[in-house]
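Okay, so here's the structure we're looking at.
The values are calculated or read from the model by the stated rules, or taken from the named source; none is laboratory data. Computed from a predicted structure; not experimentally measured. All Cβ positions, glycine included, derive from the backbone under ideal geometry; neighbour counts span all protein chains shown. Note: areas computed on protein heavy atoms with side chains; ligands, DNA, RNA excluded. Shrake-Rupley method; radii C 1.70, N 1.55, O 1.52, S 1.80 Å.
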Amino acid sequence: MRFRGWVPLVLLTALILAVGAFTAVRQDAFLTEYNINNLLLSTMPLALVAIGQTNALLVGGFDVSVAALITMCVVTASFMLKPDETTFALLLGSLAIVGVGLATGVFNATLIRILRLPSIIATLGTLSILEGASLLLRDHPEGPINSDVIDALNTSIGAVPVAFIGVVVFAVLADIWLYRTAMGMRVRAVGLDETSSRRLGMSTGRIVFLAFVLCSVVASIAGFYSAAQVQIGSPIIGDYALQSIAAAVLGGASLAGGRGSFIGTLVAALFLSLISNILPLFQQPTEYAQMTIGVLILLALVLYQAPRLIAQFRSGWQTVGRLRTRPGEAPAA
């Protein structure tokens, strides 16, 4: 079981090294400081939102509203993080953006835990609300983002963004928390079997509630880095809903809940961003990236679930063998 938990991380790391080596041999521009920095910065929004999505998947849910939430945060930034604002005003604006994520998380969690709506239905409704609100505030891209904020978010040491180093440290600490603490064990237990966890005295409702709140708050932080990329209040941002689920699943999360890895999610986000980064170098359509994501999700589901499927097949075959054994006849060796 412990080895199986490392399979996604090992496979993704091997794929990143193989694809990176292949590209570096054929494209001199790939290993330049500018391109590596651009690759890691472009990974930031996806990595953060996927880490947030992992929290929802761990408790057996989905949050498809994260894409619209990021868009809403970018639009909010165009109003709250304007050029020539004072430092204090920028601080209040940043808190307002995180507040949008917090409010969205509380709203989603209330729909799911209080009103007992399925997570995918509840967050689909939230997605529509946020998309409409974003278009109402900005019906076309306008409103530049403060350049000092953008520079601060993009601060790098050589080719490596400081924020990326922070996310790596956060993912490591989050995995330690998930697999080495009692609270992390409770989160995984709720995802595996909420009914049994409740009978054991765990606060299942609070755990699920906090998981969805945390998902939205982390997505709002991803909105900062998305804003730093587009640098304007655009109501049209990429589909982070599918990509965040893809990164979490490729990183080892189970769609049924109870299993996941924040480090694996981060590495998967880097791999997906790598695909988008190298396609223009080979002058290939960026649409191939979306097709690749879909194929990888299917392969990951089959590969990661293979041991369980094989065990079910063997169990079923043994049951069939017992049923075919006639009364009084010893089963074949």
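Are any residues in the range 77-107 without any contact (Cβ under 8 Å) to a residue 40 or more places away in the chain, crowded, with 17+ Cβ neighbours inside 10 Å and under 19 Å from Ile150 (Cβ atoms), and if so, which ones? Listed by number, the residues that qualify are Met80, Gly93.
Screening Thr110 with (1) open to solvent by 30 Å² or more (accessible area, probe 1.4 Å); (2) of a type in the set (Ser, Thr, Tyr); (3) within 27 Å of Ile232 (Cβ to Cβ) gives one miss only, at (3).
Number of residues in the range 194-208 that are within 17 Å of Arg259 (Cβ to Cβ) and touching a residue at least 24 places away in the same chain (Cβ under 8 Å) equals 3. When Ile275, Ile221 are checked against the criterion of being closer than 24 Å to Val302 by Cβ, open to solvent by 10 Å² or more (accessible area, probe 1.4 Å) and in a helix (DSSP H, G or I), a single residue qualifies: Ile275.
Might you let me know whether the range 90-99 holds any residue that is within 30 Å of Ser197 (Cα to Cα), part of a helix (DSSP H, G or I), modelled with pLDDT of 95 or more and not small (Gly, Ala, Ser)? No, the range 90-99 has no match at all.
What do you reckon, is Ala67 assigned to a helix (DSSP H, G or I) and in contact with an Asp or Glu (Cβ under 7 Å, 6 or more places away or on another chain)? Yes.
Among all positions in the range 13-28, there is no residue which is buried (at least 24 other Cβ atoms within 10 Å of the Cβ) and among the hydroxyl-bearing types (Ser, Thr, Tyr). Would you check if Ala253 is buried (at least 20 other Cβ atoms within 10 Å of the Cβ), in contact (Cβ under 8 Å) with a residue 40 or more places away in the chain, in a loop (DSSP other than H, G, I, E, B) and under 14 Å from the mean Cα position of the chain (by Cα)? So Ala253 passes the test.
Give the residue that is nearest to Asn146 (Cα to Cα), with candidates limited to residues of the range 199-238 that are of a type in the set (S, T, N, Q) and in contact with a Pro (Cβ under 9 Å, 6 or more places away or on another chain). So the residue we want is Gln231.
One residue stands out in the range 158-192 among those that are in contact (Cβ under 8 Å) with a residue 24 or more places away in the chain and not in a helix (DSSP H, G or I): the one that is surrounded by the most Cβ atoms within 10 Å (Cβ to Cβ), namely Pro161.
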